[in-house]
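Each remark here refers to the structure printed beneath this line.
Throughout, read-outs are computed from the coordinates displayed, never taken from laboratory work. All values derive from a computational prediction rather than experimental measurement. Positions of Cβ are generated from backbone atoms using ideal geometry, with glycine treated the same way; all protein chains shown enter the neighbour counts.
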Amino acid sequence: MKRRIAVFASGTGTNFEAIATAAERGELPAEVVLVVSDRPSAEVVARAARHGIPCFAFTPKAYASKADYEREIVARLDAAEVCLVCLAGYMRLVGETLLDAYGGRIINIHPSLLPAFRGAHAVEQAIEAGVKVFGVTVHEVDRSLDGGRILAQRAFEYDGSDRAEIERRIHATEYPLYVETIRRLLTE
Ligand code: GAR
């Protein structure tokens, strides 16, 4: 049976694209039933429309507090009967309201080999540190910053500082790893 999943993203949404495409091709036992974005002008919003997937795009500043907009998100997840939330470039800390309702069912992809380089500027930090092995991590989301249980990691060697090339290789590493990890979680 197809499981109902949601993807949260703040930007371009290429990881969303990889997940939605895999689901459409039957490579995932899942259907993406909701996209959530905290930036109504983000490219991911247009991508969701192209896939015919409902999108809740909101402006955080229009709400009095994080709890207020997260209550709205929880209501939408509940209504869509979502069993797994996949953060894919969602550049906001998940708060108590969302964790209370969906804790243990939220995962994230992060562009470093955690626990190295937590936070919003992981790739920059890795380049500044002069690492020769880059990588990505899929992990559970808990109350810590990028500190939840690690579910999967993949690394690649790169001896250089061409940021565009590093980001290209990080993305190319992320797509199959995220899809494989979601598949494993939904089938185990
Ligand atoms: C991805 O590389 C993801 O790992 C990163 O944002 C990018 C989103 O790209 N996430 C973080 O940095 C979270 N701290 P995309 O919008 O093209 O999928």
(message) Would the stretch 39-95 count as rounded, prolate or oblate if I go by the C-alpha gyration tensor, calling it rounded below 1.5 in a/c and otherwise prolate when a/b exceeds b/c, oblate otherwise?
(response) oblate
(request) Please return the longest stretch of the chain lacking exposed loop sites, where trypsin sites (Lys or Arg not before Pro) count only if DSSP places them in a loop and at most 12 other Cβ atoms lie within 10 Å. (result) 26-131
(message) About the Cα centre, and with charges only on the beta carbon of Lys, Arg (+1) and Asp, Glu (-1), how big is the dipole of the chain? Nearest 20 debye, please.
(response) 260
(message) Skipping prolines and chain starts, which residues have an amide H placed within reach, meaning under 5 Å, of the one on residue 142, given they are 5 or more residues away or on another chain?
(response) 147, 148
(message) Given an 8 Å cut-off on Cα distances and at least 6 residues of separation, report the relative contact order of the stretch 74-188 as a percent.
(response) 22
(message) What distance in nm separates the two pseudo spin-label positions at residue 184 and residue 156, each 7 Å out from Cα along the beta-carbon direction?
(response) 1.9
(request) At 0.36 nm per residue, minus the direct Cα-Cα distance, what do residue 57 and residue 2 gain on full extension? Give it in nm, one decimal, please. (result) 17.3 nm
(request) Any chance you could run the full-extension gain for residue 75 through residue 149? It's 0.36 nm times the residue separation minus the Cα-Cα distance, nm to one decimal. (result) 24.0 nm
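Identify the GluC sites (Glu not before Pro) of the stretch 4-111 meeting these criteria: DSSP loop state and at most 16 other C-beta atoms within 10 Å of the C-beta. If you can, show how the numbers build up before the last one.
Numbers: sites: 17, 24, 27, 31, 43, 70, 72, 81, 96; in loops: 27, 81.
Answer in residue order: 27, 81.
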(request) Report the full-extension gain for the segment residue 125 to residue 25: residue separation times 0.36 nm, less the Cα-Cα distance, to one decimal in nm. (result) 32.4 nm
(request) Note the direction-averaged projected area, equal to a quarter of the hull surface, for the Cα convex hull of the chain, in nm². (result) 10.4
